[in-house]
Every structure is written in structure tokens, then in C-alpha cells.
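Participant: I have a structure here, written as C-alpha cells, and I will follow up with some questions on it.
The values are calculated or read from the model by the stated rules, or taken from the named source; none is laboratory data. If you're wondering where the values come from, they're calculated on a predicted model, not measured in any experiment. Because the Cβ atoms are built from the backbone with ideal geometry, glycine has one as well, and the counts that use them run over all protein chains shown. Just the protein is used for accessible areas: all its heavy atoms, side chains included, with ligands, DNA and RNA removed. Shrake-Rupley method; radii C 1.70, N 1.55, O 1.52, S 1.80 Å.
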Amino acid sequence: MPKKILSSILIGLTLLVASIFPLLRTPTDASAQIIIGTLPIFTLPPIATATRTPTPINLGNFVWDDLDHDGRQDAGEPGIAGVTVQLWNSTKSQLIDSAVTNASGNYTVTAPVPGNYRIRVVLPGIMDGFSPKDQAGGDDTDDSDINPTGTDTGFTNIFTIANNVISISSIDAGIVIFRTPTPTRTPTPINIGNFVWDDLDHDGRQDTGEPGLPGVTVQLWNSTKTDMIDSAITDSNGAYWVVAPTPGNYRIRVIKPTILDSFSPKDQAGGDDTDDSDINPNGTDTGFTDIINIASNVISISSLDTGIIKFRTPTPTRTQTPINLGNFVWHDLNGNGIQNMGEPGVGGITVQLWNATKTQLIASAVTNSNGNYTVVAPLPGDYRIRVVPFPGSSFTPKDQGSNTEDSDINPSGPDLGFTDIFNIASNVISISSLDAGLTQVAPSPTPTNTRTPTPGPSPTPSPTPSPQPDYDNHVHLPLILRSE
């Protein structure tokens with residue numbers, strides 16, 4: 001076949017293929033090539049992979065009656081039926097979908113593809129309003145997402161739906177429904193009371209046995225202390241009532257019975273408002289309570305009490321009775337620091353009373369033959385007892401038993417020979433348990449009485465008799481058995 005004819009056929013085929021496949025590829029594309037001889041004639045385009053149809057995205061879900069106007073979906077706040085909810089593009093120029101809430105206040109609108117959108121909610125009534133937005137502390141399932149004011153009133157902010165999102169169920173709207181106010185009932189006057197008492201121990205607490213005070217003036221004032229509203233006088237039990245005409249802010253004022261009386265300290269009952277005093281005892285509000293608020297549902301308050309510290313002429317103080325202190329120093333034969341049966345008292349031991357700092361000797365005594373002693377403290381206060389042992393004796397361990405059977409003297413250290421400091425209270429008249437145990441007590445010689453010669457006639461001289469021992473002048477030592 002002539003080359004000219006063959007070229008014409010090839011050109012025709014090329015045009016035919018080009019009309020079937022509008023996208024011609026260069027020979028460098030990874031596509032199929034038709035080659036005749038060594039010349040590339042045309043390129044077949046690749047076959048496109050089918051793209052899946054985007055799944056529409058469901059958006060919702062709740063419009064509710066925000067009864068307390070706080071922007072939170074609280075228990076008991078119902079959904080609102082019949083509210084129109086719309087889906088718009090982000091520029092608010094195109095309405096895309098619309099729905100009406102069901103009987104439970106739920107709705108669903110559908111976004112056709114991922115992208116940027118806004119939800120719009122149409123108020124049910126012209127007097128209604130939107131709840132404050134984003135008031136659930138970051139919990140997007142409990143708040144309202146609609147702008148209540150501004151240029152975007154009724155719309156959400158722009159939100160983006162990503163390609164992998166198939167639904168959003170947290171786009172909610174709180175509606176503040178306009179309701180015709182119900183007639184307000186005439187306020188009931190509020191009784192306020194109730195007790196003024198004689199705070200005998202000045203502690204600001206209503207203690208058992210502390211009586212009420214009759215005849216005390218109690219007043220009700222406004223919060224700024226510029227207008228007295230009511231007044232009463234306590235009855236024989238110290239009780240009172242004043243009447244506030246309406247709810248609001250008030251103060252109670254109490255007039256002291258006499259100029260020398262004073263108020264108890266305030267709020268001293270550990271938070272129990274029925275047992276404390278509520279009057280300021282000093283400062284710019286002396287005689288007044290702090291401001292008290294009476295709410296509209298309160299009909300009485302019975303915990304506004306007042307403690308009064310009555311001035312009383314001091315009772316003459318009786319002369320202090322000296323305090324006897326004692327009583328026993330003993331020979332601790334087994335050294336255990338306890339007064340065991342058969343362990344004798346030690347006579348002749350000096351016992352002294354000192355002040356607490358050991359700088360002043362106040363009184364001194366010597367134990368009798370039974371080991372007992374008494375020294376006298378002139379007044380209540382802090383003191384020490386000192387025991388001066390015989391040479392070679394030492395003190396037994398301290399505080400080894402009950403206080404009536406042990407030794408109270410420090411056997412060593414800077415207070416050697418002294419007791420610890422002890423306090424004598426004003427109602428104490430004697431202490432008889434300050435004892436001291438001694439060890440290594442040497443026996444004391446006890447001389448017997450020498451017989452006094454009876455005068456008689458002058459003796460007749462006679463031969464000098466042989467000397468005879470005079471047993472009556474011997475010294476007798478006590479018998480001490482040495483333990484083996």
C-alpha cells in the first residue's frame with residue numbers, strides 16, 4: 001500500500017481516538033500506548049477510580065425551657081415542642097435545611113457534605129429570649145449554643161464538620177419563655193426574736209442555769225440604722241418579739257439595762273446560732289446585730305439572741321487561808337520508790353518549802369519520829385518542796401507508784417532534792433501526798449534519860465568499894481537486822 005494512503009488512514013484513526021478519549025496523555029504518562037512500527041501514535045488516558053458519594057451529616061438535638069434562666073439543662077426543665085430549627089451556611093446567606101422540634105424538644109437537620117455551617121433557632125414567641133450561652137462549665141451536652149444577643153442573635157457560632165464526622169448531637173438551645181407574672185400576695189409580717197440572757201460566766205454561750213433578763217428594750221432597725229421600725233421589751237423569761245413588715249434587710253438593736261453593763265462576745269457557740277449572742281459588743285455597730293436578710297418565704301426568725309454581762313459590785317475577797325503541805329519521809333529499805341509495809345518513817349529530816357524558782361525559802365520543818373512533817377504555804381501559787389537528807393543517804397527513784405505511795409523528790413539532776421513545781425489552786429486547803437523516800441539511812445543514837453540523884457544525908461565515910469558498872473548510863477542502840 002502506498003505510504004501516502006497509509007499515512008492518511010493513520011491520521012484518521014488518530015482523530016477518531018481523540019474524539020473518544022478527550023484527555024490525551026504524553027508518552028511519558030504511565031498509560032497504554034499504541035505503537036505502529038517505532039512511532040508512538042496516541043496515548044490512552046487512565047481509568048478514574050469511582051468517588052463514593054458523601055454521606056449526609058445529621059445535626060441536633062435539643063431545645064428546652066430554661067425555667068431558671070441559667071443556661072444549663074437542669075433536671076425538670078422540659079423540652080419545647082414546635083420550635084423551628086434551621087441549618088445555614090457559615091455566612092448566613094443560604095438556608096440549607098429546616099426542622100421542627102418534636103414533643104420532647106428534639107430536632108435533626110441534615111448537612112449534605114462536610115464544611116462550615118451555623119444552626120439557627122427561631123424563638124417561639126416575640127417576647128421569648130435565649131438563655132445565656134456556654135454556661136455549663138465546658139460540658140457541651142448541658143449548655144445552650146445559641147448567641148442570645150449581638151449580630152449573631154439566634155445563630156450558633158460557625159462550626160466545621162470534618163470528612164470523618166457522620167453526626168453531631170450537642171447543638172442545643174435554651175429558651176427563656178415569657179410568662180405573665182402572677183399577682184404577688186400581700187407580704188405576711190415576719191416575727192423576729194427571741195432571747196436576752198444574763199451571761200454569768202461571760203463566755204457568750206447560753207449555759208444551763210443562766211437566766212433570761214426581763215425588762216430589756218429590743219428594737220428593729222433598717223439596715224443603715226437610720227429608721228427604727230419596731231420595739232419590744234423582754235418578758236419575765238427574757239423572751240421578746242419584734243415584727244418586720246415585709247421581707248428585706250434589717251438589724252436588731254438591744255439597749256443595755258444599765259450603763260455599766262456590757263454585751264457578751266459574739267458568735268461563740270461553735271456555729272450553733274440558737275446558743276450564741278448575735279449583738280456586736282464593740283465597734284461602730286455596738287449594740288446592733290450585723291445586717292440580716294429576710295427572704296420572701298420566711299415567716300419568722302427565732303435565733304437572734306443577746307448575752308448581757310451584768311455589772312455587779314465585787315464581793316469582798318476573804319482572807320486567804322494558809323495551805324498545809326506534807327507529809328511523809330520514809331526509809332525505802334528495798335529501794336523501789338514505793339512505801340512498802342514495814343518500811344519505817346525517818347525522824348529528824350529537814351523539809352523546806354521554796355518558791356518555784358528556788359530563790360526564796362518560805363517555810364521549814366523537821367520530820368517527827370514517825371517521819372511526818374507539815375510546812376505551810378501562805379497563799380495559793382507555785383511552789384517546790386525540798387528535803388535535806390542525812391549525810392550518806394540518797395533519794396529513792398521518783399513517781400514509781402500512786403501519788404500517796406511514791407516518792408516526789410528528784411533523785412538527781414539540777415532539781416536534786418526538790419520536787420517538781422506544783423500549783424496550789426485558790427480552793428485548796430491542804431496537800432498530804434508530798435513524800436520522800438531515802439536509802440542508806442544510818443541509825444541515829446537515841447540517848448536515854450539520866451536519872452537525877454536524890455539529895456540525902458551526907459554519907460558516912462567507909463571503905464571505898466570496888467567500882468561497879470552503872471548500866472543506867474549506857475547508850476542503847478536500836479537493833480538492826482542485816483539482810484543476808
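Participant: Among 160, 193, 218, which residue has its Cα positioned farthest towards the positive end of the charge dipole of the stretch 93-244, with +1 placed on the Cβ of Lys and Arg, -1 on the Cβ of Asp and Glu, and the dipole taken about the Cα centre?
Facilitator: Farthest towards the positive end: 160.
Participant: Extent of the stretch 217-295 along each principal axis, from alpha carbon coordinates, in Å, largest to smallest?
Facilitator: Per principal axis, max minus min of the Cα coordinates gives 32, 27, 27 Å.
Participant: How big is the dipole moment of the stretch 113-220 about its Cα centre under a simple scheme where the beta carbon of each Lys and Arg is +1, that of each Asp and Glu is -1, and everything else is neutral? Debye, nearest 20, please.
Facilitator: 920
Participant: Rounded to the nearest 20 Debye, what is the dipole magnitude of the stretch 398-441 about its Cα centre when Lys and Arg each give +1 and Asp and Glu each give -1 at the C-beta?
Facilitator: So the dipole magnitude of the stretch 398-441 works out to roughly 80 debye.
Participant: Using the Karplus curve 6.51 cos²θ - 1.76 cosθ + 1.60 with θ = phi - 60°, work out ³J(HN,Hα) for each residue of the stretch 114-129 in order, rounded to whole Hz, and write x for Gly and Pro.
Facilitator: Using θ = phi - 60°, the values come out as x, x, 9, 9, 9, 9, 10, 10, 9, 4, x, x, 5, 8, 6, x Hz.
Participant: Here's something else I'd like to know. If you find the alpha carbon centre of the stretch 218-294 and of the stretch 114-155, how far apart are they in angstrom?
Facilitator: Measuring centre to centre over Cα atoms gives 49 Å.
Participant: I need the shape label for the stretch 309-359. Rule: rounded when a/c is under 1.5, else prolate if a/b > b/c, else oblate, with a, b, c from the alpha carbon gyration tensor.
Facilitator: Prolate, because a/c is 1.5 or more and a/b exceeds b/c.
Participant: Roughly to the nearest percent, how much of the accessible area of the stretch 175-249 is carbon and sulfur, given a 1.4 Å probe?
Facilitator: The value for the stretch 175-249 is 55 percent carbon and sulfur by accessible area.
Participant: Keeping every protein chain present and rolling a 1.4 Å probe, give me the accessible area per residue for the stretch 298-423 in Å².
Facilitator: Per residue, the stretch 298-423 has an accessible area of 51 Å².
Participant: Order these peptides, 158-166, 53-61, by their mean beta-carbon neighbour count within 10 angstrom, highest first.
Facilitator: The peptides rank, most packed first, as 53-61, 158-166.
Participant: With every protein chain kept in place and ligands, DNA and RNA left out, what is the accessible area per residue of the stretch 73-188? Probe 1.4 Å, answer in Å².
Facilitator: 54
Participant: Using the Cα centre as the reference, give the magnitude of the dipole from point charges on the C-beta atoms of the stretch 44-168 (Lys, Arg: +1; Asp, Glu: -1; all else neutral), rounded to the nearest 20 debye.
Facilitator: The dipole magnitude comes to about 880 debye.
Participant: Just check the stretch 263-322 against the gyration tensor rule for me: Cα atoms, a ≥ b ≥ c as the square roots of the eigenvalues, rounded for a/c under 1.5, and otherwise prolate or oblate depending on whether a/b exceeds b/c.
Facilitator: The shape class here is prolate.
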